[in-house]
Number of protein chains: 2
Amino acid sequence: MKPSESEKIAGRYAYDGLDRIIHEKARLSIIASLAGHSEGLLFNELKELCSLTDGNLSRHLAILQEADLVQMWKGTRNKRPQTLARLTEHGRRRFLEYVSRLERVVADASRLTGQSGAGAALRPRTT
Amino acid sequence: MKPSESEKIAGRYAYDGLDRIIHEKARLSIIASLAGHSEGLLFNELKELCSLTDGNLSRHLAILQEADLVQMWKGTRNKRPQTLARLTEHGRRRFLEYVSRLERVVADASRLTGQSGAGAALRPRTT
DNA sequence: CTCTCTTACTTTACACCATAAAGTTAAAAT
DNA sequence: ATTTTAACTTTATGGTGTAAAGTAAGAGAG
């Protein structure tokens, strides 16, 4: 593949759009889980799906709620408190946008071809 | 889209394979840049491509070097010190592995949201 | 020659944050 | 009545991403 001009522009690989709140692994897990369950997921279901500890999940949910990506519903089931989490519409959009940025990272990675830049003279040849 | 059995298994969305060293945004930028330039990139080229500050880049390169994902070559150009960074073979493999995990995240997202690609990403939908 | 300026990084310090451990509340069981 | 279990929440700590300050050394001015 021919090296294109865009390869060299400043910030080409800055991946600005990779939302920090979503990019964090634990939260990415949570959001991906919720994305597939529009009716929401219970605290414990989420805990299992994402392999998170109670405290961990609680903290991340609070952060996601704060950012208006997730909304929480508190109720009771069999007289026990139950928390239901679901994506907000805003959260769903932000997630889809995040994923579209991820697709770019994947696409970049697919173009793994050698090409030469400036300063070739001093470049060592060995690996 | 019919919910399959695998949707419910514990850890389904834990995304264990998302290597923390690579997953960090700044380092992902660096590695993606280097992946496309097998001959390596100079410190300043990298700085531009990734929109990082000097100190930031320096620190992340040290971390990547420590993890044997990147190797550094120090030389001079026009009597000025120049640092060249390039992916190690190990780094290249780890990056490809990481990207294959990312592909799964993207695939999950497409399947779970019933939408594909960046273009469709922001199509409105009912709550 | 020496003093300042610029380049090319490195080191340090701080603020943030992910995580695990401890704490809380309330129902159920003994 | 008190212990246990469930379902979280809060606190504490260790790690880390980042900007600011620091270092070294060549180049140019006087």
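The values are calculated or read from the model by the stated rules, or taken from the named source; none is laboratory data. Since the model is a prediction, treat every value here as computed from it, not as a measurement. FYI the Cβ positions are ideal-geometry reconstructions off the backbone, even for glycines, and counts take in every protein chain you see. To get the accessible areas, we keep the full protein, side chains included, count just its heavy atoms, and leave off ligands, DNA and RNA. Shrake-Rupley method; radii C 1.70, N 1.55, O 1.52, S 1.80 Å.
Which residue out of A:Glu48, A:Glu7 is away from DNA strand C (no atom under 13 Å from the Cβ) and under 20 Å from B:Gly17 (Cα atoms)?
A:Glu48
B:Ala85 - would you say it is more than 10 Å from DNA strand C (Cβ to nearest atom) and open to solvent by less than 50 Å² (accessible area, probe 1.4 Å)?
Here the answer is no, as B:Ala85 does not meet what is asked.
Of the residues that sit in the range A:6-20 and are without any contact (Cβ under 8 Å) to a residue 60 or more places away in the chain and in a helix (DSSP H, G or I), which one is most open to solvent (accessible area, probe 1.4 Å)?
A:Arg20
Within the range B:33-50, count every residue that is in contact (Cβ under 8 Å) with a residue 24 or more places away in the chain and in a helix (DSSP H, G or I).
5
Among the residues of the range B:101-108, is any more than 16 Å from DNA strand D (Cβ to nearest atom), in contact with a strand residue (DSSP E or B) (Cβ under 7 Å, 6 or more places away or on another chain), touching a residue at least 24 places away in the same chain (Cβ under 8 Å) and open to solvent by 20 Å² or more (accessible area, probe 1.4 Å)?
No - not one qualifying residue is present in the range B:101-108.
Give the residues of the range A:19-31 that are within 8 Å of another protein chain (Cβ to nearest Cβ) and either farther than 18 Å from B:Asp108 by Cα or of a type in the set (Gly, Ala, Ser) (or both), sorted by residue number.
Of everything in the range A:19-31, those that are within 8 Å of another protein chain (Cβ to nearest Cβ) and either farther than 18 Å from B:Asp108 by Cα or of a type in the set (Gly, Ala, Ser) (or both) turn out to be A:Arg20, A:Ser29.
Mind telling me which of the residues A:Leu96, A:Leu49, A:Leu34 ends up being within 14 Å of chain B (Cβ to nearest Cβ) and within 14 Å of DNA strand D (Cβ to nearest atom)?
Checking each option against the conditions leaves just A:Leu49.
Look at B:Arg59 and say whether it is within 15 Å of DNA strand C (Cβ to nearest atom) and either of a type in the set (Lys, Arg) or crowded, with 21+ Cβ neighbours inside 10 Å (or both).
yes
Can you tell me which residue within the range B:63-82, out of those that are in a helix (DSSP H, G or I) and more than 9 Å from DNA strand D (Cβ to nearest atom), is least open to solvent (accessible area, probe 1.4 Å)?
B:Leu64
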